1. Among what's in the range 212-244 and is charged (D, E, K, R) and closer than 16 Å to Thr268 by Cα, pick the residue that is surrounded by the most Cβ atoms within 10 Å (Cβ to Cβ).
2. Within the range 188-209, identify whether any single residue is in a loop (DSSP other than H, G, I, E, B), under 20 Å from the mean Cα position of the chain (by Cα), at pLDDT below 95 and more than 26 Å from Phe34 (Cα to Cα), and answer yes or no.
3. Restricting the range 246-280 to residues that are of a type in the set (Gly, Ala, Ser) and not in a loop (DSSP other than H, G, I, E, B), which is surrounded by the most Cβ atoms within 10 Å (Cβ to Cβ)?
4. Please go through the range 65-85 and pick out each residue that is farther than 13 Å from Asp43 by Cα and in contact with a helix residue (DSSP H, G or I) (Cβ under 7 Å, 6 or more places away or on another chain).
5. Keeping to the range 67-85, report how many residues are out of contact with any Cys (no Cβ under 9 Å at 6 or more places or on another chain) and surrounded by 11 or more Cβ atoms within 10 Å (Cβ to Cβ).
6. Quick check, is Leu153 closer than 16 Å to Phe121 by Cα and modelled with pLDDT of 95 or more?
7. Can you name the number of the only condition in (1) out of contact with any Asp or Glu (no Cβ under 9 Å at 6 or more places or on another chain); (2) under 18 Å from Arg54 (Cα atoms) that Leu220 fails?
8. Which condition number does Ile163 fail, the rest of (1) more than 28 Å from Asp95 (Cα to Cα); (2) of a type in the set (A, V, I, L, M); (3) surrounded by 20 or more Cβ atoms within 10 Å (Cβ to Cβ) being met?
Amino acid sequence: MRTRPARPAFTPSIRNMETASPRRGALARPPLVFAHIDASACDRPPEIVAIGPRVAHVWAFLLDASTESGNTWRHVLSSEEKTRADRFAHTVNRDRWTVARGVLRHLLSRYCGVPPHAIAFEQGATGKPSIAGGSADRSVAFNLAHSHGRALLAVARDAPVGIDLEQERRDFDPMPLARQFFFERELEAIASVLADRQREAFFRHWVAKESVLKAQGVGLSFPLDHFHVSFDADHTIARVQSRDPQTLSPEWIVRVLSPGTGWHAAVTARGEDWDVRVMA
């Protein structure tokens with residue numbers, strides 16, 4: 001399969017209130033509140049979070065932490081994760097990646113009922129991570145996205161999930177990249193809006209498509225222009241059509257999130273009948 005071109009520069013290289021949707025299958029898009037997660041929680045038994053079928057929990061958190069908190073998060077990482085963190089050339093990227101992995105372990109421990117350090121991960125053929133058997137509850141599925149000091153974690157049970165987060169760059173011209181990466185119908189949708197809204201439309205499509213690829217777990221080799229997402233009138237839900245339905249299922253449904261001005265996010269799961277809950 002042909003490998004699509006490298007991601008553009010705006011895409012990161014490292015990959016509060018609980019609010020239920022008013023009805024199943026609809027998303028009220030409650031605002032995501034990005035906050036610091038208390039690192040000292042790792043030293044206490046996990047407070048269990050229950051999650052049923054047909055729901056995706058979304059956690060929003062910040063990655064910039066004090067030295068003390070960063071050291072606490074590092075303490076729960078595996079030796080392999082610590083080695084990977086130390087390979088980052090820039091301190092800020094190393095520290096943010098460490099916090100992201102530490103918070104990931106902490107939050108997953110609340111679903112699995114085991115200490116954060118006890119969770120082991122494995123990767124599928126295309127690199128999508130999952131909980132390894134024998135270490136914790138494998139029915140807990142997750143997906144993590146981070147960009148410029150912010151992160152989102154999606155958690156579901158017995159169902160794959162994907163999430164993406166991007167910061168909008170104000171000096172970014174969306175049309176050349178849209179022509180390179182997007183399906184013709186998506187390009188037409190972006191070009192049809194006023195010039196000052198095209199950047200917003202581009203990023204809305206981008207995070208939707210990335211979240212679909214991450215949910216499916218097909219990896220970067222599946223071209224972005226081999227499928228397209230179609231949004232409803234208020235841009236809260238998108239549906240998928242694929243040129244290769246055997247590789248990329250058209251059954252995914254994308255729900256647009258509200259990460260704040262200048263940010264874009266979306267979460268994807270299979271089928272119409274699922275809810276999103278923003279967690280804190």
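The values are calculated or read from the model by the stated rules, or taken from the named source; none is laboratory data. This is a predicted model, so every value here is computed, not measured. Backbone-built Cβ (ideal geometry, glycine too); neighbour counts: all protein chains shown.
1. Checked the range 212-244; the qualifying residue surrounded by the most Cβ atoms within 10 Å (Cβ to Cβ) is Lys214.
2. No, the conditions are met nowhere in the range 188-209.
3. Filtering the range 246-280 for residues that are of a type in the set (Gly, Ala, Ser) and not in a loop (DSSP other than H, G, I, E, B), the one surrounded by the most Cβ atoms within 10 Å (Cβ to Cβ) comes out as Ala266.
4. Across the range 65-85, the qualifying residues are Ala65, Gly70, Leu77, Glu81, Lys82, Ala85.
5. 10
6. yes
7. The single condition Leu220 does not satisfy is (2).
8. (1)
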